[in-house]
Amino acid sequence: MANVIGKSATELRHLLEKKELRAVEIAEQHLRHLRAHESELDAFNTVTDALALRQAENIDRLVEANKPLPPLAGVPVALKDNMCVSGFPTTCSSRILENFIPPYHGAVSEKLLAAGALILGKTNMDEFAMGSSTENSAFKKTKNPWNTGTVPGGSSGGSAVSVASGSTAIAFGSDTGGSIRQPASFCGVAGMKPTYGLVSRYGLVAYASSLDQIGPFGKCVDDIALALSVIAGHDARDSTSYARELPDFVGESKLPVKGMRVGLIRELTGEGVEPEVNKAIEEATKTLRDQGVIVEEVSMPYLKHALPVYYLIATAEASSNLARFDGVRYGSRDADASDLLSMYLQTRHSGFGAEVKLRIMLGTYALSSGYYDAYYKKAQQVRRLIRNEFDEQFRNYDLLISPTSPSVAFEFGSKSEDPLTMYLSDIATIPANLAGIPGISINCGSGRYGLPVGLQILGPALGDAAVLRLARAFESATNFHNMRPGKFPPVSASA
């Protein structure tokens, strides 16, 4: 049996169509690979092997009957553990949801199953998506496959690692302030945050509802475009979902880029960015220019306010959203409480981790009487100015670029004692969430110790196809997307 670990979604589907491989064989190989390396990587909270194999058998029956295959037939995928899959745990890597099993599928899991994807498991994350390193999980610390002494980024660290290590071909995360793009950068894979509202949030456990968006990780931009074409679309169950015709993400991503105008954001390069990261971005701009892309430096001064604005709005929304976890309706409940008030207090005290408690308190303070106008209202006003600044730039430029992160992956514990230093890891990714625009991170080189560097490409609202187009053109001119960590070789197909 041929080894398929590391193959793209397109390659796997082609093998199925030619009947050179069965979907069950694809699932079994990836499950073996996942289990062989899981003790070193700690990427998964739950492995859903029964679900994956059942789906694979359904796909094989379609192949045997010579029936048309759905777009992700036989493609192994993983879901961040804040997306509901009926009958399997959805923990958000939190003790308070440790035993929660949703009775329904979220919109994304529904679409993936209908598209023939093989869901292999639910991935580890920062608790309730609050973090930039996956160190805040209540269960384990996911390791970066390029160097297991470094973090994979967060909060969707497990999903990024599942793709980077070859356990799945595609994975899905949520991006509230960079939680797809930053781990994609750290792990050397592609990761995209679509336009806010392009993908339904039904079945996604909310952190900050006006910022959260689900998106894919992939080995290459072609896989990202394919995955986005499956999960995007209107959903009446999500009131923020766009009701409009979607572009052909796969087809439009292959259009030429010559003549496109791209702005390099000055405020996200230079001071505060590691020299190796700046160098990789400079080389990336040269590559784009060689393809006929016009790249010019642009200034966006309001971006310096994005970090405090984000941490006021996101924590305020988290304070409201997480109030539902009280030990009454679902989730964990403190068994030793003597009355209703102590049950509330003790359940939340023992159920939430330190970072979640910190953000709830920050958000509650920002919304409290006497402080609302000074903090939350002012943050929303500055958010509008940031959105206006993006709109102004997109009148002159098709897309904007920057480093995804000011650094490569950092060592465990190096930033966990200083919240502000940790928060600065997302300084380049947060603005896109505040503005609701699409962004992607793709591998563009190496920094310290040979760790990957991410190039971030941002587009106007609903400009997702143009973002994919430039990202694919860069990949076509380079080989960075084929770089893989060498420590986790494919497990033998016959093992």
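Enumerate by residue number the trypsin sites (Lys or Arg not before Pro) in segment 330-431 meeting two conditions: DSSP loop (anything except H, G, I, E, B), and at most 14 other Cβ atoms within 10 Å of the site's Cβ. Write out the running numbers ahead of the final one.
Details: sites: ARG333, ARG348, LYS357, ARG359, LYS377, LYS378, ARG383, ARG384, ARG387, ARG395, LYS415; in loops: ARG333, ARG395, LYS415.
Hits after loop and neighbour filter: ARG395.
If the limit is 26 Å between Cα atoms, which of LYS67/LYS111; LYS140/LYS304; LYS18/LYS219 go over it?
Flagged as over cut-off: LYS140/LYS304.
Mark the label point 7 Å from the Cα of ALA236 along Cα→Cβ and return the residues of segment 182-205 whose backbone N is within less than 19 Å of it.
198-203
In nm, give the distance between the simple-model label positions of GLU64 and ALA354, each being 7 Å from the Cα along the Cα-to-Cβ direction.
Rounded to a tenth, the inter-label distance reads 5.5 nm.
How much length, in nm to one decimal, is gained on full extension between GLU11 and ASP290, taken as 0.36 nm per residue of separation minus their Cα-Cα distance?
Using 0.36 nm per residue and subtracting the Cα-Cα distance, I get 97.6 nm.
In what sequence do HIS33, HIS481 fall when counting other Cβ within 10 Å, fewest first?
Working: HIS33 27, HIS481 24.
Least crowded to most crowded, the residues run HIS481, HIS33.
Would you list ASP223, ASP42, ASP81 from fewest to most Cβ contacts within 10 Å? Each step should come with its number before you reach the end.
Values: ASP223 25, ASP42 21, ASP81 29.
Fewest-to-most ranking of ASP223, ASP42, ASP81: ASP42, ASP223, ASP81.
At 7 Å along the Cα-to-beta-carbon direction for both GLU392 and SER39, put a label point, then send me their distance in nm to one decimal.
Label-label distance for GLU392 and SER39, simple model: 5.8 nm.
At what distance in nm do the modelled label points of ASP336 and ARG448 sit from each other, each positioned 7 Å from its Cα along Cα→Cβ?
It works out to 4.3 nm between the two label points.
At most 15 other Cβ atoms within 10 Å and a DSSP loop assignment: could you name the chymotrypsin sites (Phe, Trp or Tyr not before Pro) in segment 99-131 that fit?
For chymotrypsin sites (Phe, Trp or Tyr not before Pro) across segment 99-131 that sit outside H, G, I, E and B with at most 15 neighbouring Cβ atoms in 10 Å, the list reads TYR104.
Per residue of segment 284-291, what does 6.51 cos²θ - 1.76 cosθ + 1.60 with θ = phi - 60° give for ³J(HN,Hα)? Whole Hz please, x for Gly and Pro, Karplus curve as stated.
Computed from phi, the couplings for segment 284-291 are 5, 5, 5, 4, 5, 4, 4, 8 Hz.
Does segment 1-125 come out rounded, prolate or oblate by the C-alpha gyration tensor, with a ≥ b ≥ c the root eigenvalues, rounded set by a/c under 1.5 and, if not, prolate when a/b is larger than b/c and oblate if not?
Since a/c reaches 1.5 but b/c is at least a/b, the shape of segment 1-125 is classed as oblate.
Work out, step by step, the length gained on full extension between HIS305 and ALA323: first 0.36 nm times the residue separation, then minus their alpha carbon distance; give nm to one decimal.
Numbers: separation 18, 0.36 × 18 = 6.48 nm, distance 2.78 nm.
Result: 3.7 nm gained on full extension.
May I ask you to sort ASP175, ASP60 by Cβ crowding, counting other Cβ atoms within 10 Å and putting the fewest first?
The most exposed by this proxy come first: ASP60, ASP175.
Shape verdict for segment 155-271, please, from the Cα gyration tensor: rounded (a/c under 1.5), prolate (a/b greater than b/c) or oblate.
rounded
On a full-extension model of 0.36 nm per residue, what is the gain between LYS18 and GLU297, subtracting their alpha-carbon distance, rounded to one decimal in nm?
95.7 nm
Rounded to the nearest 500, what is the chain's calculated 222 nm mean residue ellipticity when only DSSP H runs of at least 4 contribute -39500 (n - 2.57) each, over all residues?
-11000 deg cm²/dmol
From the Cα gyration tensor of segment 89-184, with a ≥ b ≥ c the square roots of its eigenvalues, which class applies: rounded if a/c is under 1.5, or else prolate if a/b is larger than b/c, or else oblate?
oblate
Each reported figure results from applying straightforward, stated rules to the coordinates on display, with no laboratory input. Everything quoted here is computed from the prediction, not taken from an experiment. Note that we place each Cβ from the backbone using ideal geometry, even for glycine, and neighbour counts take in every protein chain shown.
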